[in-house]
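Participant: This structure is in structure tokens; I'll ask about it shortly.
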Amino acid sequence: MYKILCSLFDMIILLLTGIDIYESMCNAAKVSVFNWDRDMVTVEKADVFFDEFSDITISTVYQYIPARTAEEDIAYYLTSAAAHEVGIYLLTGEPEWGLEADGASMVDEIMRAQAINQLVPGEAQIRGVVMDVEPYLTDKWDTAPGEVMDRFAAGLACAYSEALDCGLQLIVCIPYFYDTKGYADALERIIESGCDRVAVMNYYKGKEADHIADEIALSRKYGKKLVNIYELQPPEGTAVTEANTYYHEGLGAVVRSAVSLRSMYQGDVEFAIHDFDAWKEMRDDE
């Protein structure tokens, strides 16, 4: 069982690097976890949830919080997170939001995050919003993908402007293929003026470094960092396949990949794992 997972660089990293490098990576790397389980945002379950991170340095949770969640539960969850020294980002998004050139729905979520922050003191407030909007899943993408990307980039620019006004960070989830499918210009606009950083759903084992090369270059150009997301969910159907997920390879394989990316891209790359339930299952099995 993994009792200590130092920024996803525990165990094997110590064998691959010297002590000094190991410690510097642990101090420098930021590791986040996606959590779609709304039930954790309750008075009853929040403390138990954050206790899972008590012996490791996963520092941030991207948390889905439904709009109708009771304010008491949200406030308790955020207060518990602060007590456990875990940062929280509001995780949200629908594919159709990418069709809105004015970013109306995304702006609404930024404003919701700001409203949530009125429930708790500064140290417990949400740090930002993780926008998981996948416009390539809409019907419109099948007929006019270029137009969809233009709308998406424009909408994100509006949302990012609102986030800056609200003092919130904006992280935008993107697939690894925008640059290779002919949408490099829109990708650059997204990185330049649509977010604080992109989080790349880099779900292709063994190809991670190649698949974020362009995104890293653009992020560096505009003085931003990139989040590399690892898929840990079990392979089921066509949504998650063996080529996408580390479910059967184990956390050690994730560590080896992260070490490789860190050595190549240094402090310009951060890490996230998708998602909490899969990570917990894999950790408990090892």
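Participant: Out of HIS211, HIS248, HIS274, any idea which swings most in a Gaussian network model of the chain, alpha carbons joined below 10 Å?
Facilitator: HIS248
Participant: Can you give the alpha-carbon Rg of region 130-188 over 2.2 N^0.38 Å, where N counts its residues?
Facilitator: Numbers: Rg = 12.1 Å, N = 59, 2.2 N^0.38 = 10.4 Å.
Dividing the Cα Rg of region 130-188 by 2.2 N^0.38 Å gives 1.17.
Participant: Once region 238-286 is represented by equal point scatterers at the alpha-carbon sites, with solvent omitted, what log10 I(q)/I(0) does the Debye formula produce at q = 0.25 Å⁻¹?
Facilitator: -1.03
Participant: Considering lysine pairs in the chain that are 8 or more places apart or on different chains, how many have Cα atoms under 18 Å apart? Walk me through the numbers before you get to the answer.
Facilitator: Details: LYS3/LYS280; LYS30/LYS224; LYS30/LYS225; LYS45/LYS280; LYS140/LYS181; LYS181/LYS207.
Summing the qualifying lysine pairs gives 6.
Participant: To continue, here is another question. What is the mean projected area of the alpha carbon convex hull for region 205-262, to one decimal in square nanometres? Before the final figure, lay out each step's value.
Facilitator: Values: hull surface 17.1 nm².
Result: 4.3 nm².
Participant: What helices does the chain hold that run 27 Å or longer along their axis, going by alpha-carbon atoms, with a Kyte-Doolittle average of 0.0 or more, using DSSP H for the helix calls? All intermediate terms of the calculation are to be shown ahead of the outcome.
Facilitator: Details: long enough: 145-166 (31 Å, 0.34).
Passing helices, by number: 145-166.
Participant: Report the antiparallel proportion of the DSSP beta bridges in the chain as a percent, rounded to a multiple of 5. Numbers along the way, then the final one.
Facilitator: Details: 1 of 37 bridges.
Around 5 percent of the beta bridges assigned by DSSP in the chain are antiparallel ones.
Participant: Which cross-chain or sequence-distant (5 or more) residues have an amide H under 5 Å from the amide H of LEU91, H modelled 1.01 Å from N in plane?
Facilitator: The answer is GLN63, TYR64, ILE65, VAL130.
Participant: Moving on to the next point. Given (i) 6, 24, 27, 20, 13, 8, 2, 0; (ii) 6, 27, 31, 21, 11, 4, 0; (iii) 6, 29, 36, 24, 5, 0 as candidate values of P(r) over Cα pairs in 10 Å bins from 0, in percent, which corresponds to the one derived from the coordinates?
Facilitator: (iii)
Participant: Please report the antiparallel percentage of DSSP beta bridges with both residues in region 145-286, rounded to the nearest 5. It would help to have the intermediate numbers written out before the result.
Facilitator: On the way: 1 of 17 bridges.
Just about 5 percent of them are antiparallel.
Participant: I would also like to ask the following. Give the whole-number value, in cubic angstrom per residue, of the convex hull volume spanned by the C-alpha atoms of region 52-201.
Facilitator: Details: hull volume 16.5 nm³, N = 150.
So the per-residue hull volume is 110 Å³.
Participant: Next up: Once the piece of chain linking GLU123 and ASP284 is laid out straight, how much longer is it, given 0.36 nm per residue of separation minus the C-alpha distance between them? Please list the in-between numbers first.
Facilitator: On the way: separation 161, 0.36 × 161 = 57.96 nm, distance 3.10 nm.
Contour length minus Cα-Cα distance gives 54.9 nm.
Participant: Compute the length gained on full extension between ASP51 and GLU192: take 0.36 nm times their separation in residues and subtract their Cα-Cα distance, giving the result in nm to one decimal. It would help to have the intermediate numbers written out before the result.
Facilitator: Values: separation 141, 0.36 × 141 = 50.76 nm, distance 3.71 nm.
The span from ASP51 to GLU192 would gain 47.0 nm if fully extended.
Participant: What span do the alpha-carbon atoms of region 173-286 cover on each of the three principal axes, reported in whole Å from largest to smallest?
Facilitator: Cα extents, longest axis first: 41, 30, 21 Å.
Participant: Can you give the translational diffusion coefficient of region 122-222 in µm²/s, computed by Stokes-Einstein from the Kirkwood radius over Cα pairs at 4 °C and 1.567 mPa s?
Facilitator: Answer from the Stokes-Einstein relation: 91 µm²/s.
Participant: Specify the inter-centroid distance of region 58-98 and region 139-204, based on alpha-carbon positions, in whole Å.
Facilitator: Result: 22 Å between the Cα centres.
Since every read-out is calculated from the coordinates, none of them should be taken as a lab result. Here the structure is a predicted model, which is why all the values come from computation and not from measurement.
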